[in-house]
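Visitor: My questions all concern the structure below.
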There are 2 protein chains.
Amino acid sequence: MNDMGQAAVSADKAPRTERGRRTVRKLLEAAAREFGERGFHEAAITGITGRAGVALGTFYTYFESKEELFRALVRDMSHAVRQHVAEAVREAGDRIAAERIGLAAFIAFTREHPELYRIIEEAQFVAEDVYREHYRSFAAGYARNLAAARARGEIADGPDELRAWALIGMSVFLGMRYGIWDRDLSSREVADLAIDLVSEGLRAR
Amino acid sequence: MNDMGQAAVSADKAPRTERGRRTVRKLLEAAAREFGERGFHEAAITGITGRAGVALGTFYTYFESKEELFRALVRDMSHAVRQHVAEAVREAGDRIAAERIGLAAFIAFTREHPELYRIIEEAQFVAEDVYREHYRSFAAGYARNLAAARARGEIADGPDELRAWALIGMSVFLGMRYGIWDRDLSSREVADLAIDLVSEGLRAR
DNA sequence: GTGAAACTTGAGTCAATATTCATATTCGGC
DNA sequence: GCCGAATATGAATATTGACTCAAGTTTCAC
């Protein structure tokens, strides 16, 4: 949620002055709010420019279209989520701890930025290629971490990629249920309980 | 995918003759295809009536609006998925087996009815109340099964509802990745590998 | 067989809103 | 303080597609 506007704008429309960069940033922030609250189709360009405090035409100085802006936003946010989780996990001692911390960080993130969660998920129906790219990158990184942990003997042998998808799916749904819909448990509690499930397993012992 | 048209139409618009019921069924089937292929917003009423082989006006004889039809469809499909999985699971000996069979059935279902998967997920952004209801029911039923299995000592103690959400999330993402996006593994293989993860756990032993 | 209810038709209405563009303003280098 | 480039403006355009409705056709109870 910090580096908005870097690679967001297509080459020929990129701002050339400080004023322009400021305007682009205002537009991206306004767009995140507008898309987050109203969804892609309900969102109106006039809504975005209104929130940003600029005229309608200004939008088209910097963006080709509503969809192009949306794509740029999804990429920004994909980056932001993955970075947020990766940073939180850095402090973890081993893989199981990393899972716990990463999941807690993810749930907390959905709680603090529900609009961001919504925008990424809606991309599935608005810009599917970007959506797939988001989860493919996420899964690929995840699988690498699992492979490394396996090599260190921290976790049992198993298929890295499939495990990554399973764990991501779990996280996304827990984020939706306990981060956005209801908050009857803290991020930490959700993470503890869920990671207990995947680390110890369901089987009675 | 069989009982289309039962509670789908609002009272005052319900068909009163066999001809009418047939037309409603044709419309619902056409709508499932149109929405599945093009998504809610791209889908056009003329597209639906075209596929169904009826005139545009006929649509409004039986449905209040595009969105009302969409809601009806989501409810039908919610029912269909849950029923499909529940039936498959009936043959299972114990809970772990039920998990395996249920997941395989779910993946197979997404593979055979990708349009159905898409419609349910898109409901998140078109008819959120119906979407929530779908997963809340799914989770509630799932949690009941887990509680029963716990009582029988088939699985370790743990929080039923959270486990249900975690397992559902896992299933949905595995269905998306291995059922719809790519098919590099069979439904059975996906289910075996994923259920091994949740039954045995990640921890090295 | 008949008449009213149920059903079907598709051209026309209408609102919404993404995008364009001609014009006006501001900026930064000199 | 001047000039061309960069920005900003918002009224006008153009498309799209959901929904209406008045007029026709079919069904079926009697």
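The values are calculated or read from the model by the stated rules, or taken from the named source; none is laboratory data. These figures come from a predicted structure and were not determined experimentally. Note that each Cβ is placed from the backbone with ideal geometry, even for glycine, and that neighbours are counted across all protein chains shown.
Visitor: Would a scan of the range B:163-180 turn up a residue that is more than 8 Å from chain A (Cβ to nearest Cβ) and surrounded by fewer than 20 Cβ atoms within 10 Å (Cβ to Cβ)?
Guide: Looking for residues that are more than 8 Å from chain A (Cβ to nearest Cβ) and surrounded by fewer than 20 Cβ atoms within 10 Å (Cβ to Cβ), one finds at least one in the range B:163-180, hence yes.
Visitor: Any idea which residue in the range B:32-43 is surrounded by the most Cβ atoms within 10 Å (Cβ to Cβ), counting only those that are more than 14 Å from every other protein chain (Cβ to nearest Cβ) and not acidic (D, E)? Outline the logic, then answer.
Guide: From the range B:32-43, those more than 14 Å from every other protein chain (Cβ to nearest Cβ) are B:32-34; that's our starting set.
Retained after the next criterion (residues that are not acidic (D, E)): B:32-33.
Working: B:A32: 21, B:R33: 15.
Filtering the range B:32-43 for residues that are more than 14 Å from every other protein chain (Cβ to nearest Cβ) and not acidic (D, E), the one surrounded by the most Cβ atoms within 10 Å (Cβ to Cβ) comes out as B:A32.
Visitor: Go through (1) part of a loop (DSSP other than H, G, I, E, B); (2) within 8 Å of DNA strand C (Cβ to nearest atom) for A:V54 and report which single condition fails.
Guide: Only one criterion is unmet by A:V54, namely (2).
Visitor: Of all residues in the range A:70-88, count the ones that are of a type in the set (D, E) and either under 9 Å from the mean Cα position of the chain (by Cα) or modelled with pLDDT under 95 (or both).
Guide: So the first thing to find is which residues in the range A:70-88 are of a type in the set (D, E), and the list is A:76, A:87.
Add one more test, that the residue is either under 9 Å from the mean Cα position of the chain (by Cα) or modelled with pLDDT under 95 (or both), and what stays is A:76.
Number of matching residues: 1.
Visitor: Have a look at A:D129, A:D76 and point out the one that is within 29 Å of B:F40 (Cβ to Cβ), without any contact (Cβ under 8 Å) to a residue 24 or more places away in the chain and among the acidic types (D, E).
Guide: Values: A:D76 fails: without any contact (Cβ under 8 Å) to a residue 24 or more places away in the chain.
From the options A:D129, A:D76, the qualifying one is A:D129.
Visitor: Just give me the residues in the range A:72-126 being farther than 22 Å from A:R144 by Cβ and within 12 Å of chain B (Cβ to nearest Cβ), in sequence order.
Guide: Here is the first cut: in the range A:72-126, the residues farther than 22 Å from A:R144 by Cβ are A:72-74, A:76, A:107-108, A:110-119, A:121-126.
Result: A:I107, A:Y117, A:R118, A:I119, A:E121, A:E122, A:A123, A:Q124, A:F125, A:V126.
Visitor: Inside the range A:181-198, can you point out the residues that are among the aliphatic types (A, V, I, L, M) and either assigned to a helix (DSSP H, G or I) or at the interface with another protein chain (Cβ under 7 Å from one of its Cβ atoms) (or both)?
Guide: Of everything in the range A:181-198, those that are among the aliphatic types (A, V, I, L, M) and either assigned to a helix (DSSP H, G or I) or at the interface with another protein chain (Cβ under 7 Å from one of its Cβ atoms) (or both) turn out to be A:V190, A:A191, A:L193, A:A194, A:I195, A:L197, A:V198.
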